[in-house]
1. Name the residues in the range 202-224 that are without any contact (Cβ under 8 Å) to a residue 40 or more places away in the chain, within 15 Å of the ligand (Cβ to nearest atom) and farther than 13 Å from T292 by Cα, would you?
2. Report yes if some residue within the range 29-39 is touching a residue at least 24 places away in the same chain (Cβ under 8 Å), of a type in the set (D, E, K, R) and surrounded by 14 or more Cβ atoms within 10 Å (Cβ to Cβ); otherwise report no.
3. Return the pair list, or none, for Cβ contacts closer than 7 Å from residues in the range 136-162 that are more than 13 Å from G177 (Cβ to Cβ) to residues that are more than 15 Å from the ligand (Cβ to nearest atom) and hydroxyl-bearing (S, T, Y), at least 6 apart or on different chains.
4. Condition first: among the polar types (S, T, N, Q) and away from the ligand (no atom under 16 Å from the Cβ). Now tell me which residues in the range 260-312 satisfy that.
5. Identify, please: which residue in the range 313-365 is in contact with a strand residue (DSSP E or B) (Cβ under 8 Å, 6 or more places away or on another chain) and β-branched (V, I, T) and is, among those, farthest from the ligand (Cβ to nearest atom)?
6. Test S245 against the criterion of being in contact (Cβ under 8 Å) with a residue 24 or more places away in the chain, in contact with a helix residue (DSSP H, G or I) (Cβ under 9 Å, 6 or more places away or on another chain) and either within 14 Å of the ligand (Cβ to nearest atom) or polar (S, T, N, Q) (or both), and give yes or no.
7. Would you be able to say whether some residue in the range 394-417 is buried (at least 23 other Cβ atoms within 10 Å of the Cβ) and more than 28 Å from I274 (Cβ to Cβ)?
8. Looking for something closer than 16 Å to L297 by Cα, of a type in the set (A, V, I, L, M, F, W, C) and either surrounded by fewer than 24 Cβ atoms within 10 Å (Cβ to Cβ) or not assigned by TED's automatic domain parsing to the domain that holds D299 (or both) - is there at least one such residue anywhere in the range 199-217?
Amino acid sequence: MFDLAIRNATLPDGRDGIDIAIQGERIADLGPGLEGDAANEIDATGCLVTPPFVDAHFHMDSTLSYGKPRTNQSGTLLEGIALWGELKPLLTQEEIVERALRYCDWAVGQGLLAIRSHVDICDDRLLAVDALLDVRERVKPYLDLQLVAFPQDGYLRSPNAAANLERALDKGVDVIGGIPHFERSMADGAASVRSLCELAAERGLMVDMHCDESDDPLSRHVETLAFETKRLGLNGRVAGSHLTSMHSMDNYYVSKLIPLMAEAELRVVANPLINITLQGRHDTYPKRRGMTRVPELMDAGLVVAFGQDCIMDPWYALGTADILDAAYMGLNVGQMTGQDAMRRCFKAVTENPAAILGLDGYGLAPGCYADLVVLQAQDPVDAIRRRARRLHVLRRGRVIAKTAPLTTELNLPGRPAQVDYTLS
Ligand code: FE2
């Protein structure tokens, strides 16, 4: 007798008619027409069942602060940074906690059960660090929150950033961040990458840097990041986030760079929503797209994820914690419209970011945690197309969120009474 059985599911790899049996917190068995009763059942006929969505790049300390103390009138990166500077002195720990918990509620509703969030450590009070460490513990039963010590104002450029970053790590922040393109010179940027990677090697931690978030084709800190990763034996533990300058780099240079990144097993996180809106602002026409070379990086065997970066904060006014929005934008911006490419975009918001975070027990196999999402979608491409409803969200075998399926009633002469936006 199982605790729960999900019947007749379609899986992301294309298998259908699959039953998933759950015992306690884990998947006990999985296959077509499983024998045995269950105390509870979910009928997943016609539905896609996937492990949860994972966001490999987010800023939980600023999320849902839209409008405080004012809105970003120009919508630019620079006004966003200025606005965040105005907001920081007004923040309290309680207010950050309240916004973050509210965002995690949204995330759970969308089946987004693991988030890597950068946390700004340039405020000497480390207010946001204390707030998000508290939130990490409070959401643990339903969401994995991984924190990155992020020197927003520059590791070398901001006077106390180096000391604050180590204080944040001592308090229990998980990952080392950086922002080399924001240092005062290319040499300082490279020096910051070297120091931060050495710190990661010393402490046995992972690295995730905002790297080359610029339209400058000569911003090449990703080369240093890959080189230092190899030199220090950090392969597979280092992620480059954004990498937007790669969009503008010389093609010959990139033909040398991508193999180096592959040798270093660098992880890559593109943030298509924010990058398509913030990059290319100095261009007239044609305007650059500002997303890194996602299909080429995937072809070279690199693990690439799509992150959300910002939701309703100084930099981005939109979003609902639905990371399928990022997959949809990434697919379109990257011209990834081939059948395999579209499926890769679904992996870029599920299994790829799970690998980047190093999540334990993630997947669809006996022994994995019963962390699952039942989607009103026929397959992964359909899920992206419809930004499909999350009918059931399960964490450790328990349903923690439900949403009714989407149907629209029509009142038209000679036409069906309902549409559900499918071909069947
Ligand atoms: Fe970011």
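1. V207, M209
2. yes
3. L156/S192
4. T284
5. T350
6. In short, yes.
7. yes
8. No, the range 199-217 contains no residue that is closer than 16 Å to L297 by Cα, of a type in the set (A, V, I, L, M, F, W, C) and either surrounded by fewer than 24 Cβ atoms within 10 Å (Cβ to Cβ) or not assigned by TED's automatic domain parsing to the domain that holds D299 (or both).
The values are calculated or read from the model by the stated rules, or taken from the named source; none is laboratory data. In this text, all values refer to a predicted model and were calculated from it rather than measured experimentally. Here the Cβ is made from the backbone with ideal geometry for all residues, glycine too, and neighbour counts use every protein chain on show.
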